[in-house]
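The values are calculated or read from the model by the stated rules, or taken from the named source; none is laboratory data. This structure is a prediction, so every number in the text was calculated from the model and none was measured. For neighbour counting, all protein chains shown are included, and Cβ atoms are generated from backbone atoms with ideal geometry for every residue, glycine included.
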Amino acid sequence: MRVPIEWLHEYCAPELTTQALAERLAMTGTEVERIEHHGVRALENFVVGKVLEAHRHPDADRLRVCLVDTGNGDEPSQIVCGAPNVAAGQTVAVAKPGSVMPDGTGLKVAKLRGQRSHGMILAEDELAIGTDHDGIIVLDDALVAGTPLAQVLPISTEVLTLEITPNRPDCLGVYGVARETHAATGAPLAPPPWRQDPGSGGDVAGASVTVECPDLCPRFTARAFEDVKLGESPTWLKARLMAAGQRPISNVVDITNYVMLLSGNPLHAFDLDRVAGGQLTVRRARDGEQLQTLDGQTRTLDSEMVLIADGDGPTSIAGVMGGARSEVSDDTTRVLMEAANWFGANIHRTSLKLGLRSEASTRYEKQLQPEQALDALVLATQLMIDVCGARLAPGTIDVGGPGPAPETIRLRDAKVTGLLGVQIPRSRSAEILTALEFGVADAPDGLDVTVPAFRRTDVSREADLIEEVSRLGALESLPATLPSRHGASGRLTGRQRLRRAASDALAAQGLHEIVGWSFESPDHAARLRIAQRPVVELQNPMSAEQARLRTTLLGSLLDVAQLNRHRGAQAVRLFEAGAVYLPPDAAVGHPPAEPYHVGAVVTGPVRPATWLDAEPRAADFFAAKGALAGLLDSLRVPWNVAEPGDPETFLHPGRSGQVVIGGAPAGWIGELHPEVAALWDFTEPVAGFELDLDLADGLVAAPRYADVTSFPEVREDLAVIVSDAVPADEVITVARRAAGPLLTRAEVFDVYRDPERIGAGNVSLALRLHFRAPDRTLTDEEVAGRRRRIAAALTKELSGRVRDS
Amino acid sequence: MTDTTDRIEQLRREASDAVAAAGSSAALEEVRIRYLGRKAELPNLLRGVAQLAPEQRAATGKAANQARQALEAAIEARGGELASAELHDRLAQDRIDVTLPADPLPAVGRLHLMTRTRREIEDVFIGLGFNVAEGPEIETVYYNFDALNFAPTHPSRLESDTFYLKPTDDLFAPDTQLLRVHTSPMQIRAMETQPPPIYIILPGRVYRPDSDATHTPQFHQIEGLAVDTDVTLADLKGTLLAFARAIFGSDRQVRLRPHFFPFTEPSVEVDVSCFNCDAGVLPDGSRCGLCKGSGWIEILGSGMVDPNVFAHVAQYGYDPEAVQGFAFGMGIERIAMLKHGVPDLRLFYDNDVRFLEQF
């Protein structure tokens, strides 16, 4: 909403700079987006001039060389002018050298085809007070040469661009902003410009209106004007429209715009001679009913939309846009001026469905009040008479009348203090509310406050009144206190701590956390060979790349890995922790699941190359497993990697496994299938894992103390040859089971294959066995016994051959 | 048999000289073998004591034994000297070029700036007595708009402002699914699961169809909600002052500016005093770019919970006449950008490691 200060000052003119006013408005609830200058600067150079002589330019047929008296006893200036209408004897608007034009250019003495020009004789568009460039402005001859032009024409004003919050449609007009300015600054407020009504009540001869849907059209007002002289608007009116950002069109249309900008309520001017039967009907459209709007488009309506029809059918979409058929035109002489009130939510829906937004619809959809319609009509009446020389036909069409009687709300002193946390004297509340045009009466425990019609929607409860008091009377001096809390205490839940610990564990191992997009493209899924997975899709994505929600973190991890590789990173070690989105299995209506996943990818050297190790090992499955172990061991959850039952399609079939947490499948680990990795431009192994971290929640109990220092541990090595088909984990499991609790730890520390010495298809695994008893030092015999049991079990259960140590 | 004892004495002298003369551990070992080894003379003398005449045995045995012990002690002492000298020589040879590049242990990774900032904010509020809760990113029109008192005409409901899930045919049906545009729906969900008093913050990912230097289609917010019998707007100010000081420095001030949000009444925007300048002016006299010369930076929106919001959860113990409270919501990335001077939100989602490593 653009508010020219010059216009605002007609109704409320606080003695503040525009900057200070903007700050005061911002601190009381009216946000100022920016302050702009509209029009010219260096005003001392703009004066009234008298054209003394005007001769044809010796070298240019279309230019005149004029001698202009610019007053103040100065020598007349020679000014070259291109306007066809310039003539000696005219009183004109002159910009002298040193002037700054609306677009910011400075004016200097110039030479036009060899003739010096000391400034410009001005046309409207050059002052940004109109769009006319065909001729210069000719002023009233009574004006004295040298008179500052700014005293004659509104050639310079600052303009506030306000962000009007949706609860304040009353501020969508200059007068509404003046009210707010009055309340915020205390500067006096002029009476509303619609106070004087030149009109009368009663029927209007030759025009009538029927409203068939009063629920959607609370009020419809109109007046008829005869002898309308369609033409240009006066300069002052055009200047204000220009400053407010509206192009002047013709006096009747300009009046509708001017009144809308001042009162907030849109209007529509019908050519009464083109209203078939002089009769308008406001009704719901029929499904599929069509109408051509002012912009030349044919619109198809439905039965929830309201239209205005005459004897020949629809002419306007109510509250949104007028129709072409009854538009005013150059030969219009009779005008039916309409100002109506509509049900905002319905206008919003119509505008949305038709994809048609207008100045009118954006105002109406915020819910204007019925009283505003008649205010606007009164204001338009004055201007039709003054500006267009029109004759007002007696009578006023007013269907629906004013809105409901004003509400009175009790504002309790205790509630004001209790909600704000600061004492506001009742007299202060009364003062603020009165300035905002609320009615105020004393009540036993506070005030009885009557809401003015133009605030009816916004203010309906005590809390709304407290907001008014707070924004104008409490915020600036509000103390800063802390809640009493009543015993509430803050802490993270176990799950939240687990999530933090997981990310910390991965970062500590050298992986960088990324935050990827929740969105993914269908192409992503295709590249990962998971296109068949059900996904959550967006109805209105910003692009095809963001059309669906991810089911895995791997896509964003690979995108980021690729980006970093392209930007020169050799080693890429990344992880992400966040939600994936899985559609519910069956029934529609259930929300999709959002499990919290942790995923990682590693590729390139496991550590940076140095002069000591020029070619570090490339990250592979076991590097990923190392990161996984670092993660899950630090979380202290029981886990293992199992043979994949059904390997993920994007993984290397021989180098992938299933992550198992607490016995339950929790995700995958592996090297990417080389063909998949290649789609992200990787030629070397890319390894990673992804798991559902929520499965680890609740598995972590506070550890119990065990005595691991009083008695020594005994370590034994044992090598066993088994078939390649036997996983190492199984060997360990068999050993553990055979040895019982005295075997506290067992791990593989060497893997050896040699077809000639141990047979093809076999592998020799060297185990390190750690024995300890909690209550005594183990004897050699005890350890030897366990070792024999382990050897026997490996032979029996896994057909292993234990090699002599 | 003075010959024998003389011989012992002679051997002892010879050996002592040889020990002293040994210049290396290897030479010393040769000396040991020569004088104390299996085939050496002194041990043989000792072994032969039994064959001697009884009157000679004691004297000879004693002399030989003493000689052997003395020799052993001398060898051990000399051995220690030599070992330490040799180690010294070895270490002196073991020179490295200390100016060569290091061979570091794998560098640690970093948490993403968003995560770091989120935790920093969470920890401030935990210290202030707030709990933390997360909730679904896929929400319904009811939780995202209706229960938060959004008018049916509120522009946020449009497809231009909210991502809806497929298939959506009615933007206004309460169970229509969407990606939440703010963390505020969690206010309702939190109140549905916990009666007052409630002091809670609600961090999470949110979505809006928007993309430029300060907007990305996904970003993160932290919502705050405090409802009790007596929580005031002044308490909101105090809470956010504590927050602002913890995040932006202990001499920060906050100010509340009236605004409008559907789910709070009164509603305020909160500004923090600029930490980059003095009242809008930089030390060199120029205008501060961070606060655009105003001395204040907008950091979040907030207000007192609207009674209409309580009405939606009244059956869970939130009678609008009996309880009151405040709510606030802030963008995590925005706080991080302000605090660390990051100029473009999109950097958060590029995830260039060179960017991530800075924090």
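Brief remarks on what is shown
- When region B:101-113 is filtered for residues that are facing chain A (nearest Cβ under 7 Å) and farther than 16 Å from A:Gln496 by Cβ, the ones remaining, listed by number, are B:Pro101, B:Asp103, B:Pro106, B:Ala107, B:Val108, B:Gly109, B:Arg110, B:His112.
- Checking A:Arg715 against (1) farther than 18 Å from A:Arg803 by Cα; (2) charged (D, E, K, R); (3) assigned to a strand (DSSP E or B), the condition it does not meet: (1)
- Summed over region B:72-108, the residues that are at pLDDT 85 or above and part of a loop (DSSP other than H, G, I, E, B) give a count of 1.
- Helices (runs of 4 or more DSSP H) contained in region A:364-476 and holding at least 2 residues at positive phi: none
- Qualifying residue in region B:318-333 (condition: surrounded by fewer than 22 Cβ atoms within 10 Å (Cβ to Cβ) and in contact with a Pro (Cβ under 7 Å, 6 or more places away or on another chain)): yes
- So B:Gln194, is it in the same structural domain as B:Asp350 (by TED's automatic domain parsing) and buried (at least 19 other Cβ atoms within 10 Å of the Cβ): no
- Number of positions in region B:253-277 that are outside any loop (DSSP other than H, G, I, E, B), within 34 Å of the chain's Cα centre (by Cα) and more than 18 Å from A:Glu163 (Cα to Cα): 4
- Selection within region B:305-321 - within 12 Å of chain A (Cβ to nearest Cβ) and either under 17 Å from B:Arg255 (Cβ atoms) or acidic (Asp, Glu) (or both): B:Asp306, B:Glu321
- Among the criteria (1) at pLDDT below 95; (2) closer than 17 Å to B:Gly135 by Cα, the one B:Met186 does not fulfil is (1).
- Residue check for A:Asp310: in contact (Cβ under 8 Å) with a residue 60 or more places away in the chain, crowded, with 17+ Cβ neighbours inside 10 Å and acidic (Asp, Glu): no
- Residues in region A:483-492 that are within 7 Å of chain B (Cβ to nearest Cβ) and surrounded by fewer than 15 Cβ atoms within 10 Å (Cβ to Cβ): A:Ser484, A:His486, A:Ser489, A:Arg491.
- Of all residues in region A:561-586, those that are over 24 Å from A:Thr610 (Cβ atoms) and at the interface with chain B (Cβ under 9 Å from one of its Cβ atoms) have Cβ atoms under 6 Å from Cβ atoms of residues that are aliphatic (A, V, I, L, M) and assigned to a loop (DSSP other than H, G, I, E, B), 6 or more apart or on another chain, in A:Phe575/A:Leu511; A:Glu576/A:Ile514; A:Glu576/A:Leu553; A:Tyr581/A:Val536.
- Residues being in a helix (DSSP H, G or I), closer than 22 Å to A:Gly654 by Cα and touching a residue at least 12 places away in the same chain (Cβ under 8 Å) - total across region A:727-774: 5
- Selected residue (criterion: farthest from the chain's Cα centre (by Cα)) from residues of region A:163-175 that are among the aliphatic types (A, V, I, L, M) and away from chain B (no Cβ under 13 Å): A:Val174
- Where B:Asp97 falls short, out of the listed (1) in contact (Cβ under 8 Å) with a residue 60 or more places away in the chain; (2) surrounded by fewer than 21 Cβ atoms within 10 Å (Cβ to Cβ); (3) more than 7 Å from every other protein chain (Cβ to nearest Cβ): (1)
- Going through (1) touching a residue at least 40 places away in the same chain (Cβ under 8 Å); (2) at negative phi one by one, A:Gly206 falls short only on (2).
- Flag for A:Arg24 being under 24 Å from B:His259 (Cβ atoms) and touching an Asp or Glu at 6+ places or on another chain (Cβ under 9 Å): no
- Residue match in region A:431-451 (condition: touching a Gly at 6+ places or on another chain (Cβ under 6 Å), closer than 30 Å to A:Phe343 by Cβ, surrounded by fewer than 20 Cβ atoms within 10 Å (Cβ to Cβ) and in contact (Cβ under 8 Å) with a residue 12 or more places away in the chain): yes
- Residue check: B:Ile247 meets all listed conditions (1) under 28 Å from B:Pro136 (Cα atoms); (2) more than 9 Å from every other protein chain (Cβ to nearest Cβ); (3) in contact with a Ser or Thr (Cβ under 8 Å, 6 or more places away or on another chain) but one, namely (3).
- Within region A:324-357, being buried (at least 23 other Cβ atoms within 10 Å of the Cβ) and assigned to a strand (DSSP E or B) holds for A:Val335, A:Leu336, A:Met337, A:Glu338, A:Ala339, A:Ala340, A:Asn341.
- Residues being touching a residue at least 40 places away in the same chain (Cβ under 8 Å) and either surrounded by fewer than 14 Cβ atoms within 10 Å (Cβ to Cβ) or on the phi > 0 side of the Ramachandran plot (or both) - total across region A:781-802: 2
- Of all the residues in region A:606-625, those that are under 43 Å from the mean Cα position of the chain (by Cα) and closer than 21 Å to A:Thr733 by Cβ number 1.
- Of all positions in region A:183-206, at least one carries a residue that is touching a Leu at 6+ places or on another chain (Cβ under 7 Å), within 14 Å of another protein chain (Cβ to nearest Cβ) and either at pLDDT below 95 or buried (at least 17 other Cβ atoms within 10 Å of the Cβ) (or both).
- Restricting attention to region B:193-243, the residues that are acidic (Asp, Glu) and either facing chain A (nearest Cβ under 8 Å) or under 14 Å from B:Ala327 (Cβ atoms) (or both) total 4.
- Test: residue in region A:498-515 that is under 22 Å from A:Pro592 (Cα atoms), within 10 Å of chain B (Cβ to nearest Cβ) and in a helix (DSSP H, G or I): yes
- Members of region A:465-482 found to be facing another protein chain (nearest Cβ under 7 Å) and aliphatic (A, V, I, L, M), listed by number: A:Ile466, A:Leu475, A:Leu478, A:Ala480, A:Leu482
- For region B:130-156, filtering for residues that are assigned to a helix (DSSP H, G or I) and either farther than 13 Å from A:Gln539 by Cβ or within 7 Å of chain A (Cβ to nearest Cβ) (or both) leaves 8.
- Any hit, region A:233-256, residues being aromatic (Phe, Trp, Tyr) and in contact with a Pro (Cβ under 9 Å, 6 or more places away or on another chain): yes
- Answer residue from region B:157-183, given it is more than 42 Å from the chain's Cα centre (by Cα) and surrounded by fewer than 17 Cβ atoms within 10 Å (Cβ to Cβ) and is nearest to the other protein chains (Cβ to nearest Cβ) among those: B:Pro167
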